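Below you'll find the structure, written out as structure tokens, and then a few comments.
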Amino acid sequence: MDDLTFRSDLVLSDVHLHTPRQRHLMVRLNAVGQPVFLSQFKLLLDKSHLSSENKERDFKKENVRHQNKCLDGLNAERSTGKEGSPREETAALLDEDGDLEVVRKPQLLDAEAENCSRDKVCPIILTRGGNVLEEEEEQGNGCSDLVKIEHTMATPLEDVGKQVWRGAFLLADYILGKPDLFKDRAVLELGGGVGLVSILAAKAAQSVYCTDVGEDLLDMCERNIALNKQCTGPAGRKVKVRVLDWLKDEFCMDPDARHSWSEKEIAELYDLTTVILAADVFYDDDLTDAFFRTLYRITHNLKNPCTVYLSIEKRFNFTLRHMDVACEAYSHFQETLNDLVNIKDGKMTYTVESLPLSFPQHILYERVEELELWKITADVASERSRPPETERRQEELCTE
Ligand SMILES: C[S@@+](CC[C@H](N)C(=O)[O-])C[C@H]1O[C@@H](n2cnc3c(N)ncnc32)[C@H](O)[C@@H]1O
């Protein structure tokens with residue numbers, strides 16, 4: 001018998017957990033042979049005439065409609081089940097271990113809708129094959145309230161950017177809810193993954209640099225920009241996908257590397273950027289440190305004050321060190337935020353605040369209580385906040 005290989009290092013964004021399991025979900029394999037799926041996320045926009053209760057009800061109805069649609073697809077597949085024998089049909093209702101899988105349709109009862117405070121995301125999975133980009137061209141640029149994202153379902157840790165994470169929905173939701181804060185701004189996203197946040201930021205912003213690492217990921221991101229021209233402008237021109245590795249001190253300007261920067265683009269980035277975004281990038285202490293070093297370096301070189309929006313999801317695990325459940329990545333994130341606020345280099349000041357999540361939800365996802373949104377304001381230090389020259393020199397010597 002062949003040896004079975006179990007991968008224990010796969011991580012799964014639970015954004016996709018509520019997607020029915022079907023065999024033919026994927027649209028293609030990417031360059032490294034990972035199955036790529038296409039999800040369509042509906043935005044609930046332009047409801048300003050509705051009261052907030054109506055909006056919530058509308059949102060819940062939409063959510064149930066999505067779930068029903070997904071389940072209908074699954075049930076249809078089972079019942080048409082290629083007209084198998086009763087035995088085969090029964091087998092189709094069993095999971096891999098032989099347990100009966102019961103699929104229930106959610107009902108939208110008024111009482112339930114009112115009491116239910118947590119909604120499950122259920123992206124519509126498009127099962128058609130073929131060249132999605134070409135089909136999109138034929139159909140025009142699609143609806144302005146739909147975002148289509150190609151992503152993978154489960155990846156090793158080094159490829160987590162190929163999945164969509166709940167922190168991206170939260171940050172995108174904030175942007176959709178407060179477009180005036182992003183209107184006509186030049187935006188930089190760090191660790192943008194498959195590009196959901198940058199795509200939605202482009203609805204309001206003037207220009208967006210969506211950055212990350214890994215050619216394959218950046219290619220996926222570029223495809224998503226092209227898939228969503230209704231947000232990203234003709235030929236997706238509003239959003240540029242570039243490599244920006246927090247573990248490197250310099251921008252990649254290698255002309256042979258795809259997604260590298262030109263001198264003009266770097267100058268433009270420093271001259272124009274006033275908003276920096278990052279969703280769910282704090283899960284490894286070394287990367288968190290590298291992220292904040294990058295943020296410090298970039299904000300120091302910006303011509304204008306800048307607002308940084310960060311989303312984070314606390315993930316609790318049992319740790320032997322604490323003999324309790326703890327979220328070490330979150331604790332490290334908070335320590336690093338504190339360090340940033342306490343920087344007194346005489347050049348920049350950073351102020352940090354946690355933003356309330358009271359803004360309405362425009363996308364279908366579970367806004368769990370572990371999600372948080374943070375705002376950092378980076379500004380040039382005023383004369384008063386500058387430490388005396390000797391103190392400053394001492395600090396510089398300490399950091400050298
Ligand atoms: C959990 S994913 C979040 C992706 C996306 N922001 C989202 O929320 O869907 C973390 C992201 O950080 C990126 N990342 C990890 N190490 C990085 C590095 N050294 N430089 C730049 N980005 C990095 C990953 O590639 C990935 O896209």
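Residue under question is Ile199, and the condition is that it be within 12 Å of the ligand (Cβ to nearest atom), over 26 Å from Asp285 (Cβ atoms) and modelled with pLDDT under 95; does it hold?
For Ile199, the condition - within 12 Å of the ligand (Cβ to nearest atom), over 26 Å from Asp285 (Cβ atoms) and modelled with pLDDT under 95 - is not met.
So which residues in segment 248-275 are loosely packed, with under 15 Cβ neighbours inside 10 Å, in contact (Cβ under 8 Å) with a residue 40 or more places away in the chain and within 13 Å of the ligand (Cβ to nearest atom)?
Scanning segment 248-275 gives a single hit, Asp249.
Of the conditions (1) farther than 20 Å from Tyr365 by Cβ; (2) within 15 Å of the ligand (Cβ to nearest atom); (3) open to solvent by less than 10 Å² (accessible area, probe 1.4 Å), Thr232 fails just one. Which one is it?
The one condition Thr232 does not meet is (2).
Just a yes or no: is a residue in segment 340-363 surrounded by 15 or more Cβ atoms within 10 Å (Cβ to Cβ), among the β-branched types (Val, Ile, Thr) and under 18 Å from the mean Cα position of the chain (by Cα)?
For segment 340-363, residues surrounded by 15 or more Cβ atoms within 10 Å (Cβ to Cβ), among the β-branched types (Val, Ile, Thr) and under 18 Å from the mean Cα position of the chain (by Cα): present.
Matching residues to (1) within 12 Å of the ligand (Cβ to nearest atom); (2) part of a helix (DSSP H, G or I):
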position	(1), (2)
Ile149	yes, no
Gly161	yes, yes
Leu171	yes, yes
Ile175	no, yes
Lys183	no, no
Gly191	yes, no
Cys210	yes, no
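So which of Leu244, Leu217 ends up being out of contact with any His (no Cβ under 8 Å at 6 or more places or on another chain), near the ligand (Cβ under 10 Å from one of its atoms), at pLDDT 95 or above and farther than 30 Å from Asp339 by Cα?
Leu217
Residues to consider are Ala290, Ala278; find the one that is within 14 Å of the ligand (Cβ to nearest atom), assigned by TED's automatic domain parsing to the domain that holds Pro356 and assigned to a helix (DSSP H, G or I).
The conditions single out Ala290.
Considering Tyr330, Tyr365, Tyr350, which residue is at negative phi, at pLDDT below 90 and of a type in the set (Ser, Thr, Tyr)?
Within the list Tyr330, Tyr365, Tyr350, the selection yields Tyr365.
The values are calculated or read from the model by the stated rules, or taken from the named source; none is laboratory data. Computed from a predicted structure; not experimentally measured. As a convention, Cβ positions derive from the backbone with ideal geometry for all residues, glycine included, and neighbour counts pool all protein chains shown. We work out accessible area using only protein heavy atoms, side chains counted, and drop any ligands, DNA or RNA first. Shrake-Rupley method; radii C 1.70, N 1.55, O 1.52, S 1.80 Å.
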